[in-house]
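Working notes for the structure below.
The values are calculated or read from the model by the stated rules, or taken from the named source; none is laboratory data. Source: prediction; values computed, not measured. So basically every Cβ, Gly included, is an ideal-geometry build from the backbone, and we count neighbours across all protein chains shown.
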């Protein structure tokens with residue numbers, strides 16, 4: 001092995017591109033690998049296929065320096081790399097709720113037969129507990145290097161919209177290893193983070209595999225809890241945002257992820273919650289995580305609740321009404337529309353006969369591919385023009401700055417449903433708007 005390990009990153013989706021560009025920015029020689037030749041060509045030309053702040057600049061710097069390249073050749077990757085990071089997707093299975101490991105298996109099956117010298121295969125993909133042990137046995141069987149090609153697990157904890165920051169300066173590192181050599185190599189890879197005082201948890205393979213899904217399941221539970229409380233607040237005429245602040249002030253609870261809203265979506269939390277539950281069942285511990293079914297159901301129910309609010313605000317029927325939707329991405333800072341609550345609600349309303357116009361600062365093109373039946377606007381004003389009902393469904397910061405007077409001048413009716421609790425109810429009601437949000441009283445003393 002050279003003085004500093006050379007890295008390959010297998011898979012150039014959101015995780016892979018971000019990891020490759022960030023590692024190159026720290027001075028490593030990095031080779032990204034993907035089976036999609038067109039995608040590889042675009043990456044080598046500096047084209048970033050995703051929206052992630054700061055990533056385009058890092059990619060350009062890596063390519064310009066020569067430290068970062070992309071290829072379709074697993075043979076070249078095996079010859080080049082000392083540490084091979086597996087960063088392919090593990091989506092939900094089509095025939096169940098477990099994780100689909102076909103990409104992980106295909107990746108390892110393509111790489112391992114090419115491995116002729118000691119190296120590490122480091123999984124970053126989110127996988128069920130037990131996957132790494134199975135892959136290690138497979139690698140030992142088909143790799144010419146045998147046991148010298150070691151499998152480790154190093155889960156990622158990236159937040160879309162903060163991926164560069166979370167890679168270069170994570171709040172913790174987790175490595176599941178089986179040897180002192182593997183630990184030493186990964187400590188060298190993450191030397192800048194360790195020097196900055198970022199803690200590293202060195203553990204077994206199964207614990208490392210569980211770290212990501214357990215964290216996501218806990219966060220999902222916290223989100224669904226406060227959203228369930230919002231429904232109670234509706235019945236009790238209480239204010240969920242004030243209540244969330246009170247709960248978050250308790251240091252045992254904390255305010256992070258305790259904000260009510262339309263619920264979670266994206267490519268991680270929903271499928272990770274379901275995969276965690278499915279794997280627990282396979283291991284005979286399904287009853288211990290049975291509550292996650294309710295967590296998932298509460299989350300999906302928020303979308304139905306938003307649709308019901310929109311129908312109610314439209315006078316009992318949404319058919320033939322014009323609906324403006326602010327937001328299509330599943331969260332701000334991203335162009336990702338996978339399992340997006342915002343886009344789901346927009347599509348449901350369209351299916352009920354509404355004319356729906358969507359605006360999103362970054363996700364319009366991806367939304368248009370998924371939901372071409374909807375109309376799209378280039379500005380928030382464009383989406384609001386002529387609207388009988390306006391829905392705020394993704395919490396982009398710019399939406400908090402909307403001027404109620406400016407929007408009120410272009411809508412057909414001053415009716416807004418705040419699905420992300422970004423607006424000041426008193427200010428909007430004072431401007432003549434009918435403001436609605438689940439868990440916010442229709443009128444409060446603050447509005448009088």
**Request:** Scan the stretch 350-363 and give yes if some residue there is within 25 Å of residue 245 (Cα to Cα), outside any strand (DSSP E or B), modelled with pLDDT of 95 or more and out of contact with any helix residue (DSSP H, G or I) (no Cβ under 8 Å at 6 or more places or on another chain), otherwise no.
**Result:** no
**Prompt:** Looking at the stretch 149-215, what helices (runs of 4 or more DSSP H) fall wholly within it and have at least 2 residues that are on the phi < 0 side of the Ramachandran plot, within 23 Å of the chain's Cα centre (by Cα) and surrounded by fewer than 22 Cβ atoms within 10 Å (Cβ to Cβ)?
**Reply:** 163-168
**Item:** Options 211, 182: the member that is in contact with a strand residue (DSSP E or B) (Cβ under 8 Å, 6 or more places away or on another chain) and outside the structural domain of residue 20 (by TED's automatic domain parsing)
**Value:** 211
**Message:** From the list 280, 342, exactly one residue is buried (at least 24 other Cβ atoms within 10 Å of the Cβ) and in a helix (DSSP H, G or I). Which is it?
**Reply:** 342
**Which listed residue, of 89, 130, 66, 98, is at positive phi, surrounded by fewer than 24 Cβ atoms within 10 Å (Cβ to Cβ) and in contact with a helix residue (DSSP H, G or I) (Cβ under 8 Å, 6 or more places away or on another chain)** = 130
**Selected residue (only one of 246, 226 is farther than 21 Å from residue 341 by Cα and part of a helix (DSSP H, G or I))** = 246
**Prompt:** Of all residues in the stretch 23-32, how many are surrounded by 23 or more Cβ atoms within 10 Å (Cβ to Cβ) and either under 21 Å from residue 268 (Cα atoms) or without any contact (Cβ under 8 Å) to a residue 60 or more places away in the chain (or both)?
**Reply:** 4
**Complete:** Checking 52, 57 in turn, the sole residue that is in the same structural domain as residue 117 (by TED's automatic domain parsing), under 23 Å from the mean Cα position of the chain (by Cα) and surrounded by fewer than 15 Cβ atoms within 10 Å (Cβ to Cβ) turns out to be 57
**Item:** In the stretch 374-412, the residues that are touching a residue at least 60 places away in the same chain (Cβ under 8 Å) and assigned to a strand (DSSP E or B)
**Value:** 389, 390, 391, 392
**Prompt:** Taking the stretch 304-331 on its own, how many of its residues are under 19 Å from residue 357 (Cβ atoms) and part of a helix (DSSP H, G or I)?
**Reply:** 6
**Conditions (1) under 27 Å from residue 334 (Cβ atoms); (2) in contact (Cβ under 8 Å) with a residue 24 or more places away in the chain; number of the one not met by residue 254** = (2)
**Asked** within 19 Å of residue 237 (Cα to Cα) and surrounded by 15 or more Cβ atoms within 10 Å (Cβ to Cβ), is that true of residue 439?
**Response** yes
**Residue among 73, 125, 65 that is assigned by TED's automatic domain parsing to the domain that holds residue 21 and within 26 Å of residue 275 (Cα to Cα)** = 125
**Item:** Which listed residue is farther than 25 Å from residue 304 by Cα and either under 28 Å from the mean Cα position of the chain (by Cα) or not assigned by TED's automatic domain parsing to the domain that holds residue 351 (or both), from 379, 394, 364
**Value:** 379
